[in-house]
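The values are calculated or read from the model by the stated rules, or taken from the named source; none is laboratory data. Keep in mind that what you see is a predicted model, and the values were worked out from it rather than measured. Cβ sites come from the backbone with ideal geometry, for glycine too, and all protein chains shown count toward neighbours.
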Amino acid sequence: MITLPTDSVLLDGNGSGNPDGTISEWLWTKISGPASFTIDNATLSKTMARNLTAGIYQFELKVASNESLLAKDTIKITVNGLSRPPLANAGGDTTLKLLSCAPPGTVFLDGSGSSDPDNDISGYSWTQISGPSASTLFNSTSVKATVGNLFAGQYVFQLQVTDAGGSSSKDTMKVNVLGAAEQESDLDLTLSGSFLFQDNYEDCYYYCSYYDYTSIQIQFDFPSIGQFNFYTQEYADTASASDVHTTSMSLYRDNGPGVNGTSSINFKKLIQKGGGSFSGTLKIEQGSAQNCNQNIYTNLNPLTVTGSLDTTAHTISLTIKGKTYF
């Protein structure tokens with residue numbers, strides 16, 4: 001066995017013999033294999049085969065004794081081709097502009113422009129070599145990969161392509177993610193829907209506990225943003241005289257911008273009194289705008305929440321006013 005660029009091999013027939021006399025003639029011939037070859041002197045016991053190319057050759061040696069008796073044998077020679085390295089192509093640099101502070105961005109990496117002169121690419125490997133660490137890389141060993149959870153910043157991704165011979169090459173591409181500014185909204189929302197109240201609710205998911213539970217869920221159209229959800233959950237002490245409660249409210253778009261916080265309204269007490277009007281506040285504590293400014297809600301005034309609740313029809317209407325950020 002030889003490997004290019006070595007392209008010649010010694011053909012050695014000196015192991016041939018004749019127990020009853022002597023060998024008077026040798027003849028080397030190629031009986032199979034690539035067309036390219038030369039034999040220095042085919043009638044010598046030892047000679048060189050040259051100008052071989054990648055492939056499998058079989059050479060036959062035919063010998064004749066001084067008594068004109070003939071014998072022959074074959075030798076197989078494998079010529080391995082010269083492995084040429086692949087050429088990695090990670091694709092061109094790209095820029096992604098986030099349309100809002102949430103959700104984070106996603107880009108697709110495409111290494112299908114990679115090539116190999118021997119057409120034997122065996123593997124791909126994508127890695128992030130610089131940029132914010134929060135990103136998530138999916139299908140990193142495929143020719144095409146996906147990167148999610150991208151926030152503002154510059155990212156560099158590297159593609160390494162390997163061929164069947166173990167040779168490899170690398171290429172990089174940049175992703176520039178341009179952050180969006182937080183969106184200020186002066187809310188003046190009027191919402192209507194239904195509510196659910198469960199008195200002395202038994203919750204035994206981990207261990208059994210009891211509380212009065214109120215939930216409200218309303219879908220509505222938010223101008224310039226799209227369909228939004230309003231969701232309220234309240235957990236209240238089961239004792240009738242108790243004012244202890246935790247009321248959370250959220251305004252959000254599925255997989256998009258949103259805010260949530262704590263309300264001062266005690267729906268359990270309101271329901272116990274038979275419903276009617278209510279007023280209170282909603283202190284925004286978390287939201288998508290924190291992806292642009294972590295402290296944006298710290299000094300923000302609470303939203304005002306007013307409305308009325310009908311315990312007979314199990315309906316509620318409420319108005320939410322004030323400034324917040326998405």
Checklist entry - Among (1) in contact with a strand residue (DSSP E or B) (Cβ under 7 Å, 6 or more places away or on another chain); (2) closer than 30 Å to residue 57 by Cβ, where does residue 172 come up short? => result (2)
Checklist entry - For residues in segment 3-24 being β-branched (Val, Ile, Thr) and outside any loop (DSSP other than H, G, I, E, B), which is modelled with the highest pLDDT? => result 9
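This table checks each residue for (1) touching a Leu at 6+ places or on another chain (Cβ under 6 Å); (2) among the aromatic types (Phe, Trp, Tyr); (3) farther than 30 Å from residue 20 by Cβ; (4) surrounded by fewer than 16 Cβ atoms within 10 Å (Cβ to Cβ).
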{"residue": "52", "(1), (2), (3), (4)": "no, no, yes, no"}
{"residue": "60", "(1), (2), (3), (4)": "no, no, no, yes"}
{"residue": "72", "(1), (2), (3), (4)": "no, no, no, yes"}
{"residue": "79", "(1), (2), (3), (4)": "yes, no, yes, no"}
{"residue": "95", "(1), (2), (3), (4)": "no, no, yes, yes"}
{"residue": "102", "(1), (2), (3), (4)": "no, no, yes, no"}
{"residue": "105", "(1), (2), (3), (4)": "yes, no, yes, no"}
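Sort through 320, 296, 316, 218 and tell me the only one that's part of a strand (DSSP E or B), within 38 Å of the chain's Cα centre (by Cα) and buried (at least 17 other Cβ atoms within 10 Å of the Cβ). Write out each step before concluding.
Values: 320 fails: within 38 Å of the chain's Cα centre (by Cα); 296 fails: part of a strand (DSSP E or B); 316 fails: within 38 Å of the chain's Cα centre (by Cα).
Matching residue, one of 320, 296, 316, 218: 218.
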Next on the checklist: Among (1) in the same structural domain as residue 320 (by TED's automatic domain parsing); (2) of a type in the set (Val, Ile, Thr); (3) in a strand (DSSP E or B), there is one condition residue 147 misses while meeting the rest; what is its number?
Outcome noted: (1)
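Sort through 226, 193 and tell me the only one that's under 30 Å from residue 96 (Cα atoms) and not assigned by TED's automatic domain parsing to the domain that holds residue 141. Before you say what the answer is, go through the steps one by one.
Values: 193 fails: under 30 Å from residue 96 (Cα atoms).
Result of the check over 226, 193: 226.
Among the residues that make up segment 87-97, is at least one of them without any contact (Cβ under 8 Å) to a residue 40 or more places away in the chain and in a strand (DSSP E or B)? Give the steps one after another, and end with the answer.
Keep residues of segment 87-97 that are without any contact (Cβ under 8 Å) to a residue 40 or more places away in the chain, which gives none.
For segment 87-97, residues without any contact (Cβ under 8 Å) to a residue 40 or more places away in the chain and in a strand (DSSP E or B): absent.
If you check residue 210 against the conditions, is it surrounded by 14 or more Cβ atoms within 10 Å (Cβ to Cβ), of a type in the set (Phe, Trp, Tyr), free of Cβ contacts under 8 Å to residues at least 60 places away in the same chain and part of a strand (DSSP E or B)? Show your work before the answer.
On the way: surrounded by 14 or more Cβ atoms within 10 Å (Cβ to Cβ): no; of a type in the set (Phe, Trp, Tyr): yes; free of Cβ contacts under 8 Å to residues at least 60 places away in the same chain: yes; part of a strand (DSSP E or B): yes.
When the stated conditions are applied, residue 210 does not pass them.
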Item to check | Subset of segment 171-185 (residues that are over 30 Å from residue 111 (Cβ atoms) and assigned to a strand (DSSP E or B)) | outcome: 184, 185
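Out of all the residues in segment 221-253, which are assigned to a strand (DSSP E or B) and hydrophobic (A, V, I, L, M, F, W, C)?
Of all residues in segment 221-253, those assigned to a strand (DSSP E or B) come to 221-222, 226-236, 245-252.
Across segment 221-253, the qualifying residues are 222, 228, 230, 236, 249, 251.
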Checklist entry - For segment 30-58, how many residues meet the condition of being assigned to a strand (DSSP E or B) and either free of Cβ contacts under 8 Å to residues at least 12 places away in the same chain or more than 60 Å from the chain's Cα centre (by Cα) (or both)? => result 1
Checklist entry - Taking the condition surrounded by 20 or more Cβ atoms within 10 Å (Cβ to Cβ) and either among the polar types (S, T, N, Q) or under 32 Å from the mean Cα position of the chain (by Cα) (or both), does residue 263 pass? => result yes
Checklist entry - Could you say which residue among 27, 61, 109 is in a strand (DSSP E or B), more than 30 Å from residue 224 (Cβ to Cβ) and assigned by TED's automatic domain parsing to the domain that holds residue 153? => result 109
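Can you pull out every residue in segment 112-141 that is of a type in the set (Gly, Ala, Ser) and either within 10 Å of the chain's Cα centre (by Cα) or outside any loop (DSSP other than H, G, I, E, B) (or both)? Talk me through it step by step, then tell me what you get.
Residues of segment 112-141 that are of a type in the set (Gly, Ala, Ser), as a first pass: 112-115, 122-123, 125, 130-131, 133-135, 140.
Result: 115, 122, 123, 125, 130, 135, 140.
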